[in-house]
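First the structure, in the form of structure tokens, and then the observations on it.
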Amino acid sequence: MRAFRNLRSCRERDRFGGWLYQIVMNECRTYAARERRRDLRFTPATNAIERAVAPGPETEVDADVSGHIEHALSLLPVDQREAFLLKHVEERTYEEMSEMTGVSVPALKMRVKRACDGLRNLLDGVYHG
């Protein structure tokens, strides 16, 4: 709805994708901030639920690894996490990322590198520390 209401503010038709993506990214950031605030107020009962379900050993290992990765990603600065996810999860090129975010290609490369270094350090402590 926000994009539709502000359609007239998109001045360059060839950059429509980047303009729309920026609106989506801002909405996602706002949503994530609201969720963080909500999570601080309500403590999830995930441990009790996991004990009640009692998955098998393989499921526990997979969930444990993905849980560690998600936690490590959440500890990264927002700009690094965003660049990392665009590059390695959405498999975007740096040029696409630049158009979407309005950040230069060299800056995005540095953010992805710093994110990888940060994840390596965070996860090294979990699996080798």
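Details
- Residue that is open to solvent by less than 30 Å² (accessible area, probe 1.4 Å), under 16 Å from the mean Cα position of the chain (by Cα) and without any contact (Cβ under 8 Å) to a residue 40 or more places away in the chain, where the choices are Leu76, Leu86: Leu86
- Any hit, the range 96-113, residues being charged (D, E, K, R), modelled with pLDDT under 90, in contact with a helix residue (DSSP H, G or I) (Cβ under 6 Å, 6 or more places away or on another chain) and surrounded by 11 or more Cβ atoms within 10 Å (Cβ to Cβ): yes
- Taken over the range 74-125, the residue count meeting the criterion of being charged (D, E, K, R) and not in a helix (DSSP H, G or I) is 3.
- Any hit, the range 45-59, residues being open to solvent by 80 Å² or more (accessible area, probe 1.4 Å) and at pLDDT 60 or above: no
The values are calculated or read from the model by the stated rules, or taken from the named source; none is laboratory data. Remember, predicted model here, so these are calculated numbers, not experimental data. Glycine also receives a Cβ, built like all others from the backbone with ideal geometry; neighbour counts cover every protein chain displayed. Surface areas here come from the heavy atoms of the whole protein model, side chains and all, with no ligands, DNA or RNA. Shrake-Rupley method; radii C 1.70, N 1.55, O 1.52, S 1.80 Å.
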